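Worksheet for the structure shown next.
The values are calculated or read from the model by the stated rules, or taken from the named source; none is laboratory data. It should be emphasised that the depicted structure is a prediction, and the values quoted were computed from it without experimental measurement. In case anyone asks, the SASA skips ligands and DNA or RNA and just uses the protein heavy atoms, side chains included. Shrake-Rupley method; radii C 1.70, N 1.55, O 1.52, S 1.80 Å.
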Amino acid sequence: MSEKTTIYDIAKRLNITAATVSRALNNSPKIKKSTRELVQETADLMNYKQNKLALALKSGRSNNIGIIVPRVDNNFFGTVIRGIEEELYPHGYHVIISQTHDDPKRENENLYALIDAQVDGILMSVTDVSDQNYDAFLNVLKKNVPLIFFDRSRNIDGVSSVTINDFKGGYLTTKHLIHEGCKHIAHFSRDQSLDIFKNRFLGYKQALLDSGIPFKEEYVIPIKSSVESGKEAIDILLQLEPPPDAIFSSSDFAALGAIQELKERNISIPNDFCVAGFSNEPFTKFMELSITSVDQSPLEMGRMTARVFLEQVDKTDAIKIEKKVVLAPELHIRKSSTRTTF
């Protein structure tokens, strides 16, 4: 058909009112099931397409959910998105995915773009400096759109979050390194303005203190989540006196870089130097020298984030509850930090 089919065309063919067609297409219980089925069959035959934006404006629901992540080419965030989709799809929702590349300007633009797209909720992992976008977060809440943080979050009234216990993850990992006989444990730390990285550091520090090992500020090296950053950090650490004999890295990629640099210097892992990371990226278990790492349960995090959204969207404004879900971390002990024989 050369012209776009309208509900009036369907009504004319079936000799019923346009209002009846509209109600039938929107599955109104006021219309008999047989009529709804006939209208839908005719609409399909005539290649009728509903105007989703107009429907969203009329009903207040678009059945679209916005997801904002730093990047999608990251196994952790990709798996979280999978969990969200798996949980929401059976409820009729579709997702719109945006990336920030840890750029607060992009994050701000994504938030406003998703609101303009009439999404029913926004689920996001914030950038390192997302505090610059506080007004954008408040704008989402003013629009009565559920906003839920996962993994990386900010403390904002009215915003629920789903995270793991990063403090416990840092604590367990450091205690494991101490158990393996390490006395001088360094820490690769990312931006501590974000709670997840600050808490990993605090867990590391507390494990040292609880074990009677002095905390040394010079053993804490700021890094990016990259192999190259891990290599550069090793160069700094090995110049210290005494040099560390272990690293707890807040990034698996930096841990991998550290291992590569240590091997280049003919330092034996784990006999002379133990390494542990965080996130349990797929490569950590498939390497010949498998890497000890903390699993963040990304699939469960995604599913739980979706469940929190569904709970909020099903409640009236008067009884919405701000929810803080904290998942338990799981330490996977592998060859890079274990001095016993596998």
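Send over a whole-number figure in Å² for the accessible area per residue of the chain, probe 1.4 Å.
Accessible area per residue, the chain: 50 Å².
Under a straight-distance cross-link criterion of Cα-Cα below 20 Å, which aspartates and glutamates are reachable from Lys142, leaving out those fewer than 8 residues away in the same chain?
Glu107, Glu109, Asp116, Asp120, Asp131, Asp157, Glu311, Asp314, Asp317, Glu322
Mean projection of the alpha-carbon convex hull of the range 55-161 over all orientations, in nm²?
Averaged projected area of the range 55-161's Cα convex hull equals 6.3 nm².
Run through all the Cα pairs of the range 125-171 and give the fraction in each 5 Å bin from 0, expressed as whole percent.
P(r) over the range 125-171, rounded to whole percents: 5, 20, 28, 24, 12, 6, 4, 1.
Return the percentage of antiparallel bridges among DSSP beta bridges fully within the chain, rounded to the nearest 5 %.
The antiparallel fraction comes to roughly 10 percent.
What lysines does Lys4 reach when the alpha-carbon gap must be under 23 Å and sequence neighbours fewer than 8 apart in one chain are set aside?
Lys12, Lys49, Lys52, Lys58
Leaving out ligands, DNA and RNA, what percent of the accessible area of the chain is carbon and sulfur, probe 1.4 Å?
The nonpolar share, carbon plus sulfur, comes to 49 percent.
Compute and list, largest first, the equivalent-ellipsoid semi-axes of the range 139-212 from the alpha carbon gyration tensor, each √(5λ) rounded to a whole angstrom.
Ellipsoid semi-axes (Å, largest first): 34, 10, 8.
Distance cut-off 23 Å, Cα to Cα: go down the list Lys168/Lys263; Lys175/Lys198; Lys216/Lys335 and report the pairs above it.
Table pairs above 23 Å Cα-Cα are Lys168/Lys263; Lys216/Lys335.
Going by a ≥ b ≥ c, the root eigenvalues of the Cα gyration tensor, does the range 199-308 fall in the rounded group (a/c under 1.5), the prolate group (a/b larger than b/c) or the oblate group?
oblate
Can you compute 3J(HN,Hα) from phi for each residue in the range 82-96, using the Karplus curve 6.51 cos²θ - 1.76 cosθ + 1.60 with θ = phi - 60°, rounded to whole Hz and x for Gly and Pro?
Result, ordered by residue: 4, x, 4, 4, 4, 7, 8, 4, x, 9, x, 9, 10, 10, 10 Hz.
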